[in-house]
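Taking it in order: structure first as structure tokens, then the write-up.
Taken together, the values in this text are just the output of simple stated rules run on the coordinates, not laboratory data. Just so it is clear, the structure is predicted and the values come from calculations on it, not from any experiment. Cβ coordinates were reconstructed from backbone atoms using ideal geometry, including for glycine residues, and neighbour counts include every protein chain displayed.
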Amino acid sequence: MKSKNKSFNYSIFCFSKFQKPPATQIKFFCDALFLSHKIYFAKISFIFCDDEYLSKLKLEYFNKNELTDVISFLLSKNKSNDLEGEVYISLDRALENSISFSQDYNKEVMRLIIHGCLHLIGFDDDTEDEKEEMTLMEDKFLGLKKW
């Protein structure tokens, strides 16, 4: 059986007082996630920002004036399952989450990256069952690394 060509391109931008996460970790988790969902082409921009910036996006695009940790925008997806998107992550929220849930900060950032990519693939977290399914998938991929 011929193996599929794959191409993953991740752009990383950091507009926050925090240091941007390591590109190697982002690639490791995202490659594993996309391949497990039979996605062989992805062009994703990760934008790391603060609460203020992400709250403005939440208000502008979702008409909600509230803090959030991650917002994903699917820019395109075709029949071949190729996708392009943007994932915005508040590193302020990541830090707060890591403290609240007694988790390693880098692990929490990776959880948000995985969560954002799951949204790009088509997963939702509107119901408790959907949230549970996404959390299980996040845990599965985070389990690929020793923290």
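How far apart, in nanometres, would the label points at residue 135 and residue 73 be if each is projected 7 angstrom from Cα along the Cα-to-Cβ direction? Spacing of the two 7 Å Cα→Cβ label points: 3.0 nm. Counting only Cβ charges, +1 for Lys and Arg and -1 for Asp and Glu, the dipole size of the range 9-142 around its Cα centre is about 660 debye. Net charge dipole, the range 1-69: roughly 560 debye, given to the nearest 20, about the Cα centre with Cβ charges of +1 for Lys and Arg and -1 for Asp and Glu. Along the axis of the charge dipole computed for the range 9-142 (Cβ charges of +1 for Lys and Arg, -1 for Asp and Glu, origin at the Cα centre), the listed residues 19, 127, 91 are led at the positive end by 19. Label zone (residue 45, point 7 Å along Cα-to-C-beta; backbone nitrogen cut-off 15 Å) within the range 65-99: 71-76, 84-89. Please name which of 102, 72, 33 has its Cα lying farthest along the dipole of the chain towards the positive end, using unit charges on Cβ (Lys, Arg +1; Asp, Glu -1) and the Cα centre as origin. The residue sitting farthest along the positive end of the dipole is 33. Dividing the summed helix terms, -39500 (n - 2.57) for each DSSP H run of n ≥ 4, by the number of residues in the chain produces a 222 nm estimate of -15000 deg cm²/dmol to the nearest 500. Computed from point charges on the beta carbon alone (+1 for Lys and Arg, -1 for Asp and Glu), the dipole magnitude for the range 95-147 about its Cα centre is near 520 Debye. Give the cross-link partners of residue 58 among the lysines, using a straight C-alpha distance below 27 Å as the criterion and excluding same-chain residues fewer than 8 apart. Within reach: 17, 20, 27, 43, 77, 107, 131. Restricting the chymotrypsin sites (Phe, Trp or Tyr not before Pro) of the range 44-135 to loop positions (DSSP other than H, G, I, E, B) with no more than 11 neighbouring Cβ atoms within 10 Å leaves 101. Rounded to the nearest 5, the antiparallel percentage of DSSP beta bridges internal to the chain is 30%. Between residue 127 and residue 14, the modelled label-to-label distance comes to 3.9 nm, taking each label 7 Å out from Cα in the direction of the beta carbon.
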